Amino acid sequence: MKNKVKYLPTVILFLAVAVLVRFIVNNPAKTLNILIPLVGLGVVILVHEFGHFIVARMCKMKTEAFSLGFGHVVLGFKKTLKGYQIRILPDFFPKDNDPDKNGLLSFTFGKSKTDSGCEYRISLIPLGGYVKILGQEDMGSAEKNPDPNAFMNKPVWQRLAVIAAGVTCNIILAIIIFMVVFSKGLESPPPIVGDVIEDYPAKAAGLVAGDEIIEIDGETNIDFQDIMMAAALSDANESVNMKVKHQDGSIGEISMIAKDSSPMKTFGIVGADSMIIGKVDDPNDLYKRTGLKEGDKIVALNNLPMQNSWQFYETLSDINISSINLTIDRITAGKTETFQQPVSYYYIFHNSKVEELNSIDQLITFYSMVPRLKIPDPKNEAGKHKGPVRKLVEYLTGVKLQVGDIIVSVAGTDNPNYKDLRDKTNKYENMNMPLTVLRKTESGDYKKMTVYTRPEFNKKAKRVLLGTPISFDFDSTIIAKTITNKDANALGIPAGATIKTIADEPVENFNDIFTIVHKNIGKEIEITYQDANEQAGTVSFFADKDKFTAIPRVDIPLKPLTRIYKTNSAMEALNMGIEKTGKFIMQTYVTIKALFVGNVSASNLMGPIAMIGAGSRLIEDQNFMRYLWLQGLISACLAVMNFLPIPVVDGGHAVILIIEKIKGSPVNHKVIEVISYVGFVLLMGLFVFVTWNDLVRVILDKF
């Protein structure tokens, strides 16, 4: 029985290797996409540990081990008085009477006159590495050691130098990475306004599509991400000053206070698109629907030349025909082909995200008609069948409503519009609120059922939230209600009625309604409907363009507008590396502060899984410069996180050493042990939290 237990790790290793090999053989591309970011993150951590190692050696501290990776030793190399020793998988191939735990696969060869005392290892988990210094412990206080080269027997300044070396090497690595990135050139979204959102600071400040932000609080070397970060990391009621270059070349100054939004504060500025068709999940579906391919460039709309996306969208909003004609440039075998391509379009509301609406006047309507409320899918408004994993995640995270649910009643109010839902949500704070929904079954039919959700007050949003996004049921022609607001008087259509025809044309969804009305702008239009009791009715209204609250959208994915940020000399690259590293270090500190004061939600934190996932997507897209940029960002952030004055991490050790220097004697070992274990618990709690966040993101995205 004892031998079986002894060799259990070996059996587990072989099984794990077999599974891993099978996965690699069946998924070579995916393996590479995961392996490169994994190794990249490991390198960032390894450089940190190498800093500790090299300075410890310079200070003549005894280093017992330096390892590439964590966990069990795969391969160990050490110079001893007997020669050069190699150990292979000592934990998996143990032998009896082996106090040094060298294992069965241990060999010594050659001659050596010295014992280096340090084993250089390759360990099982290739995520970083570690250095083991004699007499240095991360948890608690190390036992006294008579060896003069032990960590605790060295002067305080040397121990501080060793502690600080890891952070210093991460900063140096970040500078080098950014130097390489900007020497080669980084493709990044420029700080150009693609659109502004209604009722947000950018709109109130007078920004329009095509404006370019050229300076933020004195900083000039900026891209679109800097705009987002300036908003997200600003304090409450803090004005952010900007210089703006308008399309006519004039330069103006504006000041904005970011508005709370989900998941972080924002100015309400949308990035600009290019005129190039971007990457899609299903290129064949794109071609089947539109005749377009990834990389196609739109050069004209209905024979009118298009210079940029905002001109394209503005022109599109003025059309009143059932389809459009695009002029496309397509590169095939190095040659550019120009051709005409007709494309159908659909409609969306000016503001289809209704989470911010508070009053009846803000409520989105279409000539007074309000569609039923629906739970949207982030990827597909029509909803999709969900597997058991996604259902489990939604259950664990407290989400009772499901994607695709159509809300037909909320706490006794039938056919609710958004304001009805908002009023009930406020009333049912911290109570179970009943909702009657129509849920699509696997057979395609809808089943009426009652679900419960528990609205809670959100400190960041400063109001009671339902806990799930809300959109509209555009796939049917059923009207929740008709309402009177500042744009239109209510049509005489009863709640829950189904629109049958518009201008004598049958309709099957709201897109049909939009299309037919848009074709009849400036005319009197008749609507026929059938109420909930199957009684027919008719109403008429004048199609006024100014009250047309839906805008056309071409169902094609335009690639975000990008610009190459590149330095022209080695000195300029060095300056850029230092500037970007310093900027990200400051942003990390500001982010930590914002987390404590509540300006940034902890749900935005990312752990190793999310970092590897982000790197994997960049590798898959062959965006190698952006991947390197991410590694530089991680290295800078790791430097900050490691030097925070928290027990267990380097910053906490540095604080203890400074206290020792001030008081002239070591800090009591029991005190160190207590604060070390408290710090460890807090650190593990944070790790579990960010890992959970990462897993929820990954699972919800996959399922």
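The values are calculated or read from the model by the stated rules, or taken from the named source; none is laboratory data. All of these numbers come straight from a predicted model, not from anything done at the bench. We place every Cβ from the backbone using ideal geometry, glycine too, and count neighbours over all the protein chains shown.
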Looking at region 262-279, which of its residues are out of contact with any helix residue (DSSP H, G or I) (no Cβ under 9 Å at 6 or more places or on another chain) and over 23 Å from Thr562 (Cα atoms)?
Ser262
Search region 635-649 for residues that are free of Cβ contacts under 8 Å to residues at least 60 places away in the same chain and hydrophobic (A, V, I, L, M, F, W, C) and pair each with any residue that is surrounded by fewer than 21 Cβ atoms within 10 Å (Cβ to Cβ) and not in a helix (DSSP H, G or I) when their beta-carbon atoms are under 8 Å apart and the residues are at least 6 apart or on different chains.
Met641/Val649
Which numbered condition trips up Pro90, out of (1) surrounded by fewer than 18 Cβ atoms within 10 Å (Cβ to Cβ); (2) part of a loop (DSSP other than H, G, I, E, B)?
(1)
Which of the numbered conditions does Met242 fail, given that it passes all the others? Conditions: (1) out of contact with any Pro (no Cβ under 7 Å at 6 or more places or on another chain); (2) of a type outside the set (S, T, N, Q); (3) in a loop (DSSP other than H, G, I, E, B); (4) under 29 Å from Phe596 (Cβ atoms).
(3)
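Report, by residue number, each residue of region 444-456 that is modelled with pLDDT of 80 or more and either over 31 Å from the mean Cα position of the chain (by Cα) or of a type in the set (A, V, I, L, M, F, W, C) (or both). Walk me through it before giving the result.
Residues of region 444-456 that are modelled with pLDDT of 80 or more, as a first pass: 445-456.
Across region 444-456, the qualifying residues are Asp445, Tyr446, Lys447, Lys448, Met449, Thr450, Val451.
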Only one of Lys259, Lys335, Lys265, Lys297 that is at pLDDT 90 or above, of a type in the set (Lys, Arg) and surrounded by 14 or more Cβ atoms within 10 Å (Cβ to Cβ):
Lys297
Scan Arg626, Arg563 and give me the residue that is farther than 30 Å from Gly492 by Cβ and modelled with pLDDT of 90 or more.
Arg563
Inside region 279-295, the number of residues satisfying the requirement of being assigned to a loop (DSSP other than H, G, I, E, B) and among the aromatic types (Phe, Trp, Tyr) is 0
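Tell me, yes or no, whether region 36-43 has at least one residue that is farther than 25 Å from Ile171 by Cβ and modelled with pLDDT under 85.
Within region 36-43, none of the residues are farther than 25 Å from Ile171 by Cβ and modelled with pLDDT under 85.
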Looking at Gly632, Gly582, Gly615, which one is more than 30 Å from Ala29 (Cα to Cα), in the same structural domain as Ala165 (by TED's automatic domain parsing) and part of a helix (DSSP H, G or I)?
Gly582
Within region 656-666, does at least one residue satisfy the condition of being over 21 Å from Val47 (Cα atoms), surrounded by fewer than 16 Cβ atoms within 10 Å (Cβ to Cβ) and in contact with a Phe, Trp or Tyr (Cβ under 9 Å, 6 or more places away or on another chain)?
yes
Reported set for region 135-159 where residues are modelled with pLDDT of 85 or more, surrounded by fewer than 17 Cβ atoms within 10 Å (Cβ to Cβ), hydrophobic (A, V, I, L, M, F, W, C) and more than 12 Å from Pro666 (Cβ to Cβ) is Trp157
In region 450-471, is there at least one residue being under 28 Å from Gln530 (Cα atoms), out of contact with any Asp or Glu (no Cβ under 9 Å at 6 or more places or on another chain) and surrounded by fewer than 19 Cβ atoms within 10 Å (Cβ to Cβ)?
yes
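Mind listing just one residue for me: the one in region 383-429 that is part of a helix (DSSP H, G or I) and of a type in the set (A, V, I, L, M, F, W, C) and, of those, modelled with the highest pLDDT? Full working, then the answer.
Here is the first cut: in region 383-429, the ones part of a helix (DSSP H, G or I) are 388-396, 418-427.
Subset that is of a type in the set (A, V, I, L, M, F, W, C): 389, 392-393, 396, 421.
On the way: Val389: 42, Leu392: 45, Val393: 42, Leu396: 44, Leu421: 86.
Per the stated criteria, the residue is Leu421.
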Please list, ordered by first then second residue, the pairs with beta carbon atoms under 8 Å, 6 or more apart or interchain, first in region 494-507 and under 10 Å from Ile525 (Cβ atoms), second part of a loop (DSSP other than H, G, I, E, B) and among the small types (Gly, Ala, Ser).
none
Can you run down the residue pairs with Cβ atoms below 8 Å, 6 or more apart or on separate chains, where the first is in region 21-33 and surrounded by 10 or more Cβ atoms within 10 Å (Cβ to Cβ) and the partner is of a type in the set (Gly, Ala, Ser)?
Asn33/Ser616
Enumeration of residues in region 510-558 that are surrounded by fewer than 16 Cβ atoms within 10 Å (Cβ to Cβ), under 30 Å from Asn284 (Cβ atoms) and either at pLDDT 85 or above or acidic (Asp, Glu) (or both):
Asp555
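Quick one: which of Gly210, Gly252, Gly194 is in contact with a His (Cβ under 9 Å, 6 or more places away or on another chain), in a strand (DSSP E or B) and at pLDDT 90 or above?
Checking each option against the conditions leaves just Gly252.
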